[in-house]
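Worksheet: the structure to be examined is printed underneath.
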Amino acid sequence: MQPTILFSSSPDGGENYARAIAAAGGRPVGGYCPPLDESCRGLVLCGGGDVHPSRFGQPDQGSFDIDLARDRAEFALVRHFLEQGKPILGICRGHQVLNIALGGTLCQDLGPDLRAVHTRGEDPVDRLHPVSCAPGSFFARLFGTEHFVVNSSHHQAVDRPGDGLELCLFSPDGVAEGMVHTSLPVFSVQFHPERMPSPQCPAGAAAGAPVLEYFLSLCQEGSHGR
């Protein structure tokens, strides 16, 4: 049976995520500020604009595209899914939301040098850069290698990790590109597996399917362990 997956996206940015969830074997429901659906086996937090920095105790120091309604909806969903022990996958903004929800902080802007590597800006295609896994880490097992190439389109990054989160995937400049919870079926990536490959992602990036497929395996009936 296909597990039903709740996804939360920007108002016009859910199509790629829904397609990737379906391709991995799930039944996607949701969209912008979706209501809680108790029948859903897992939650996908999608990419989008920045979280209001008051959520992690900072003044605004370079955040933009803030959507307070989306912040409220997603933090409420994360609390519920964490309390229920259900799987959560964070992607890009979702990677950051998950970190904040568990008590972590963000770097609000990477600065011009790092933005040139990590932010596509007005370019229609993503930046690409290599990443390295911590030896023997979750992502090394997931991708079958400790070094691969991912896409990138962000100007913020995880700073201090939240409670229970282990940073285990990094770009050469030290930006945290992936993390996993040490005891819950929860993990996240700063890159965009839902469009690896796609017209927005140049050739050379790893396939993103393992991320979604592993998440869906966690969402199968009775499979809530790491």
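The values are calculated or read from the model by the stated rules, or taken from the named source; none is laboratory data. Worth saying up front: this structure is predicted, and the values here are computed from it rather than measured. Glycine gets a Cβ as well: all are built from the backbone with ideal geometry, and neighbour counts include every protein chain shown. For the accessible areas, the whole protein counts, side chains as well, though only heavy atoms, and no ligand, DNA or RNA atoms are used. Shrake-Rupley method; radii C 1.70, N 1.55, O 1.52, S 1.80 Å.
Taking only segment 50-81 into account, find how many residues are polar (S, T, N, Q) and within 17 Å of GLY162 (Cβ to Cβ). Break it down into steps so the answer makes sense when it comes.
Taking segment 50-81 and keeping what is polar (S, T, N, Q), we get 54, 58, 61, 63.
After this cut, where a residue has to be within 17 Å of GLY162 (Cβ to Cβ) as well, the list is 54, 58.
Residues flagged as polar (S, T, N, Q) and within 17 Å of GLY162 (Cβ to Cβ) within segment 50-81 amount to 2.
For segment 1-27, filtered to residues that are free of Cβ contacts under 8 Å to residues at least 24 places away in the same chain and outside any helix (DSSP H, G or I), the residue that is least open to solvent (accessible area, probe 1.4 Å) is PRO11.
Output the residues belonging to segment 41-61 that are open to solvent by 30 Å² or more (accessible area, probe 1.4 Å) and in a loop (DSSP other than H, G, I, E, B). If the condition is that a residue be open to solvent by 30 Å² or more (accessible area, probe 1.4 Å) and in a loop (DSSP other than H, G, I, E, B), then ARG41, GLY48, HIS52, GLY57, GLN58, PRO59, ASP60, GLN61 are the ones that fit. Of all residues in segment 146-160, those that are under 13 Å from PHE170 (Cβ atoms) have Cβ atoms under 7 Å from Cβ atoms of residues that are of a type in the set (Phe, Trp, Tyr) and not in a strand (DSSP E or B), 6 or more apart or on another chain, in VAL150/PHE191; SER152/PHE191.
Considering segment 71-154, the qualifying helices (runs of 4 or more DSSP H), each wholly inside and each with 3 or more residues that are buried (at least 20 other Cβ atoms within 10 Å of the Cβ) and touching a Gly at 6+ places or on another chain (Cβ under 7 Å), run over 93-101. Being out of contact with any strand residue (DSSP E or B) (no Cβ under 7 Å at 6 or more places or on another chain), aromatic (Phe, Trp, Tyr), at pLDDT below 95 and surrounded by fewer than 19 Cβ atoms within 10 Å (Cβ to Cβ) is true of PHE64. Screening ARG160 on (1) within 20 Å of LEU43 (Cα to Cα); (2) outside any strand (DSSP E or B) shows it passes everything except condition (1). If you check GLY30, GLY49 for being of a type outside the set (D, E, K, R) and closer than 21 Å to ASP109 by Cβ, only one passes: GLY49.
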